[in-house]
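Structure record follows, encoded as structure tokens.
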Amino acid sequence: MRIMISRAAKRSGLCDDKGQPRPLSSERPLEGPTMSSLAQVTFCVIGIMLIVALIAHKLAQSATVFTLFLSNPGSSWPSVISALPQPPKPYHYDEFMTWLKQTDFSQFKQSLKWQPEVAEFDIDAAAQGKFGPWLTGSFADSAIAVAKSINKYSFMDDILLTGNLDIVGAPGTHLYVLRRLLEAAQGSAHPTFVDAGCGPGYLLMAWILAAGEGSRAVGIDVDQMAVASAERHLRNAGAFDTDAVSLPRGAETQVFVGDALNPDGRALGLRPNSVDAINLGLAVEFESAMEDLSPLAQFLRTGGLMAAPVCNPAEEQPSSIPKGKCAGLFKIFVKSEDGSLQRAPLDPDIPTRFIVALKPGQTTGDA
């Protein structure tokens with residue numbers, strides 16, 4: 001910065017090569033502090049101060065742009081999103097669904113990688129879908145009510161531009177995860193939840209709204225941009241229907257960059273045997289499932305629950321499955337007194353397809 005100031009000062013003509021004020025006469029320097037020399041010094045100092053202020057302003061603008069770039073998929077993100085049809089505000093599920101069904105996004109297909117589909121937001125249809133038979137009872141009622149209160153559309157802005165739906169679960173999956181894991185929140189003074197592979201942060205919001213006062217939701221994702229997006233979504237004042245729910249007293253959400261399968265408990269503020277429920281947003285391979293889940297399981301308390309997709313054996317994978325994904329079963333585990341993970345009682349084998357969690361040194365082509 002000093003070099004930039006010196007160059008600018010020299011260009012102004014008021015200062016010499018060393019950044020000192022030039023004398024008024026080209027014949028000889030002035031030998032005393034006259035009014036003219038003092039004025040020249042003053043002008044030189046003011047010029048330098050203005051240049052410093054300009055440079056500081058430019059640096060601040062650069063930092064702002066860099067922050068936006070980190071948290072958004074492209075530099076055109078704000079203008080593209082603002083140009084889209086805007087849903088009714090404040091958010092209410094029924095009004096939003098009516099708007100969505102009537103809105104044509106096809107004219108934006110050049111700028112959108114994914115156009116909003118009704119199925120991604122339709123909680124009523126999801127409750128009657130593949131997971132429907134297990135969405136019964138009071139926990140299911142709570143999960144459905146909370147899902148309707150969350151403005152999922154506000155969590156999907158990045159996906160509109162990237163087209164990567166793999167980073168967020170389908171409505172039925174969200175309902176099932178909430179319904180099963182909310183059982184672990186009962187009787188806990190501070191129901192604690194970890195979403196390993198949290199994507200845009202939807203389940204973090206869902207957990208604190210459903211688990212209530214004093215709850216804590218911790219998100220982990222290896223993608224720094226995903227973490228920045230999740231933080232932005234969770235801070236959004238329009239993230240949920242304020243007429244239907246309110247943020248529970250003492251509830252908190254936190255999102256960290258990290259390895260979903262091997263999280264750093266100290267960095268996350270998590271102690272062993274302190275977490276009530278964990279959701280793994282990535283599938284583990286059948287042959288090493290228990291070994292892969294073990295680092296996460298250490299944080300579960302005895303009786304705590306974990307939802308995790310487990311791939312079918314390699315020889316049973318269909319040839320049509322894309323690289324990096326697997327066909328498997330959605331499973332619920334409970335931590336036993338000896339510290340091991342066991343299948344939860346009456347856990348159904350629900351077929352699913354998920355992105356496979358990569359191990360150190362692996363690439364998508366290896367999975």
> Only one of (1) in a helix (DSSP H, G or I); (2) more than 18 Å from G169 (Cα to Cα) is not met by A143, so which one is it?
Replying inline: (2)
>> Return the pair list, or none, for Cβ contacts closer than 8 Å from residues in the range 163-191 that are outside any helix (DSSP H, G or I) to residues that are polar (S, T, N, Q), at least 6 apart or on different chains.
In response: H190/S215; P191/S215
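Okay, residues lined up against (1) of a type in the set (A, V, I, L, M, F, W, C); (2) touching a Phe, Trp or Tyr at 6+ places or on another chain (Cβ under 6 Å); (3) within 30 Å of S111 (Cα to Cα):
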| residue | (1), (2), (3) |
| --- | --- |
| D166 | no, no, yes |
| V177 | yes, no, no |
| S188 | no, no, no |
| M205 | yes, no, yes |
| A210 | yes, no, no |
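Each row is one residue, and each column tells you yes or no for (1) aliphatic (A, V, I, L, M); (2) at pLDDT below 95; (3) in contact with a strand residue (DSSP E or B) (Cβ under 7 Å, 6 or more places away or on another chain).
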| position | (1), (2), (3) |
| --- | --- |
| K109 | no, yes, no |
| K113 | no, yes, no |
| L135 | yes, no, no |
| D158 | no, yes, no |
| T162 | no, yes, no |
| A170 | yes, no, no |
| L181 | yes, no, yes |
>> Just to check your reading of the model, which residue among E231, E213 is within 15 Å of V146 (Cβ to Cβ) and either charged (D, E, K, R) or surrounded by fewer than 24 Cβ atoms within 10 Å (Cβ to Cβ) (or both)?
In response: E213
>> If I ask for residues that are open to solvent by 20 Å² or more (accessible area, probe 1.4 Å) and either among the aliphatic types (A, V, I, L, M) or out of contact with any Leu (no Cβ under 8 Å at 6 or more places or on another chain) (or both), which ones from the range 171-191 would you list?
In response: T173, Q186, G187, S188, A189, H190
> Got a sec? Which of L261, L305, L293 is under 25 Å from the mean Cα position of the chain (by Cα), in a helix (DSSP H, G or I) and not small (G, A, S)?
Replying inline: L293
> If you scan the range 136-170, which residues turn out to be open to solvent by less than 20 Å² (accessible area, probe 1.4 Å) and within 18 Å of I332 (Cα to Cα)?
Replying inline: A140, A143
>> Is it the case, given these coordinates, that P272 is open to solvent by 60 Å² or more (accessible area, probe 1.4 Å), out of contact with any Pro (no Cβ under 7 Å at 6 or more places or on another chain) and part of a loop (DSSP other than H, G, I, E, B)?
In response: yes
> For the range 86-98, what are the residues that are farther than 13 Å from S154 by Cα and either modelled with pLDDT under 65 or open to solvent by less than 40 Å² (accessible area, probe 1.4 Å) (or both)?
Replying inline: M97
>> Criterion first (among the basic types (K, R) and within 15 Å of the chain's Cα centre (by Cα)) does K148 satisfy it?
In response: no
> Out of curiosity, is A226 open to solvent by less than 10 Å² (accessible area, probe 1.4 Å), of a type in the set (G, A, S) and either outside any loop (DSSP other than H, G, I, E, B) or more than 14 Å from A143 (Cα to Cα) (or both)?
Replying inline: no
>> So for the range 326-347 (the condition being part of a loop (DSSP other than H, G, I, E, B), open to solvent by 70 Å² or more (accessible area, probe 1.4 Å), within 27 Å of E183 (Cα to Cα) and at pLDDT below 95), does at least one residue qualify?
In response: yes
>> Show the residue pairs meeting these rules: Cβ distance below 6 Å; 6+ apart or different chains; first residue within the range 219-233 and under 19 Å from V356 (Cα atoms); second residue open to solvent by less than 70 Å² (accessible area, probe 1.4 Å) and among the charged types (D, E, K, R).
In response: G219/D195
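The values are calculated or read from the model by the stated rules, or taken from the named source; none is laboratory data. Owing to the predicted nature of the structure, the values given are computational and were not obtained by experimental measurement. Quick reminder, even Gly has a Cβ in these numbers, built from the backbone with ideal geometry, and neighbours come from all protein chains shown. Note: accessible area is taken over every heavy atom of the protein model, side chains too, but ligands, DNA and RNA are not part of it. Shrake-Rupley method; radii C 1.70, N 1.55, O 1.52, S 1.80 Å.
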